[in-house]
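*Asks:* Here it is, the structure in full.
No lab work stands behind these numbers, since they all come straight from the coordinates. As the structure is a computational prediction, the values presented were derived from the model and not from experiment. Cβ sites come from the backbone with ideal geometry, for glycine too, and all protein chains shown count toward neighbours.
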Amino acid sequence: MNSCKSGIWHTMKSFLYAIFTSLLIGSSAFATPTDGVFELEANANAIDDSGVGAPDDWSTPPNSGGALVFSFENDTATPDTIFTGGNKDIKDIPELGWKTGTVLDKGDILHAYAAAYNINNDLVLTFGADRFGNSGDAFLGFWFYQDSVSTNPDGTFIGQHIAGDLLIQVNYLQGANDGPEILVLEWDTTCAKAANNDPQDGQCAATNLRLKVKTNALCSPGAQDVCASTNTTDSPAPWAYTPKSGVENVFPPETFFEGGVNLTELLQTDTCFSSFAAETRASSSITAQLKDFVVGDFELCSVDITKTCNQAVVN
């Protein structure tokens, strides 16, 4: 997507990305509907509810929005590609395996999507997915890998974890009134095991995973560093979508999920990413068995990145 809007713009290549982001200055939280950049309001359509002009949403064509990077992955082909038994988020990528098969309808991902934005000089990631059925709780995970990750024909994966890989686990418990449970975790091999039975922010949450933030933030207007949401009523799908039951091209309640995280504010990071993955999990446990998955490119550092400089000039 083209992120050039107005004002003085400076372009740099990927090898200058880390230098540039260390000079960025900003304090705003990531885009909620009132921010006028990206809609996070539990539907996929660019509806002008921001009050300052129609912002981006998942329905925005990739070549006409403001994202630095946009990824949309279709996982409707059959037979489906799913994880083999015993796979968990604590395993390194070469230890994972995949096969063709089926999962429960509530854990069957049909599409997954992610985007990166420069919002007031903060690096912001948005992510989402839709599922086939809605009869049950949803346990999702969204990985942002620094290495290039993909599948081999023999049922193995290409790539490996790098310290700082980002995992966002989102648990939507049906009937819960306190919003989704969100855990922002980083790959950290210094974590041999969980620090305790109730890890706090900054502690090891499991083998190879350090908990950065745990929250129940439902996306809403205002200052938020991380949030997630799901549709509670029927919502039009902007792409071809067939639910288990219901109307064609309409998301039944709790089949569309989205969220976002402000990396600059939350993690103080300038990490570059190469790949994105969405997954479903058997339960809310950090070490739950993995079920369905979708993986695709997310080349945040291999494209020209254009941003506005407030005080620093990068040529």
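*Asks:* What ranking, highest mean first, results for peptides 240-253, 141-154 when packing means the other Cβ atoms within 10 Å averaged over each residue? Before the final figure, lay out the partial values.
*Replies:* Working: 240-253: 15.6, 141-154: 17.4.
Listed from highest to lowest mean packing, they are 141-154, 240-253.
*Asks:* How would you classify region 81-205 from its alpha-carbon gyration tensor, with a ≥ b ≥ c the square roots of the eigenvalues: rounded for a/c under 1.5, else prolate if a/b is greater than b/c, otherwise oblate? List each step's numbers first, then the result.
*Replies:* On the way: a/c = 1.24, a/b = 1.04, b/c = 1.20.
It is rounded, given that a/c, with a ≥ b ≥ c, falls under 1.5.
*Asks:* Over region 139-251, with a single point scatterer placed on each C-alpha, what log10 of the ratio I(q)/I(0) does the Debye formula yield at q = 0.09, 0.16, 0.17, 0.18 1/Å?
*Replies:* One equal scatterer on each Cα of region 139-251 leads to -0.36, -0.95, -1.01, -1.05.
*Asks:* Could I ask something else about it? More than 16 angstrom separation, counting every C-alpha pair in region 182-307; what % is that?
*Replies:* Numbers: 5868 of 7875 pairs.
The share of Cα pairs beyond 16 Å in region 182-307 comes to 75 percent.
*Asks:* Could you run the Karplus curve 6.51 cos²θ - 1.76 cosθ + 1.60 with θ = phi - 60° over region 247-259 and give me ³J(HN,Hα) per residue in whole Hz, x for Gly and Pro?
*Replies:* For region 247-259, the Karplus curve yields 8, 4, 6, 10, 6, x, x, 6, 10, 10, 10, 8, x Hz.
*Asks:* Can you give the extra length, in nm with one decimal, that the chain gains between Ile162 and Glu95 once fully stretched, where that is 0.36 nm per residue apart less the Cα-Cα distance?
*Replies:* Values: separation 67, 0.36 × 67 = 24.12 nm, distance 1.42 nm.
Value of the extension gain: 22.7 nm.
*Asks:* Also, I was wondering about something else. What are the residues whose amide H is under 5 Å from the amide H of Asp80, where those residues sit 5 or more places off or on another chain and H is modelled from the backbone?
*Replies:* Under 5 Å from the amide H of Asp80 lie the amide H atoms of Gly101, each far enough along the sequence or on another chain.
*Asks:* So, one more: Amide H of Thr151 versus every other amide H placed in the peptide plane: which residues, excluding those fewer than 5 positions away on the same chain, fall under 5 Å?
*Replies:* The list, which skips near neighbours in sequence, is Ile158.
*Asks:* Quick one: what are the phi-derived ³J(HN,Hα) couplings along region 227-233, Karplus 6.51/-1.76/1.60 with θ = phi - 60°, whole Hz, x for glycine and proline?
*Replies:* Those phi angles translate into 6, 8, 7, 9, 6, 9, 9 Hz.
*Asks:* Okay, next question. Taking all pairs of distinct Cα atoms, average 1/r, flip it, and tell me the Kirkwood hydrodynamic radius of region 155-196 in Å to one decimal place.
*Replies:* Values: mean 1/r = 0.0763 Å⁻¹.
Taking the inverse mean of 1/r over all distinct Cα pairs, region 155-196 comes out at 13.1 Å.
*Asks:* Next question, about the same structure. Report ³J(HN,Hα) in whole Hz for each residue of region 200-212, in order, from the Karplus equation J = 6.51 cos²θ - 1.76 cosθ + 1.60 where θ = phi - 60°; Gly and Pro get x.
*Replies:* So the Karplus estimates, Gly and Pro as x, are 9, 3, x, 9, 5, 9, 5, 4, 6, 10, 10, 7, 9 Hz.
*Asks:* Using Stokes-Einstein with the Kirkwood hydrodynamic radius over Cα pairs, what translational diffusion coefficient do you get for region 97-166 at 25 °C and a viscosity of 0.890 mPa s, in µm²/s rounded to a whole number?
*Replies:* Working: Rh = 14.7 Å.
My calculation gives 167 µm²/s for D.
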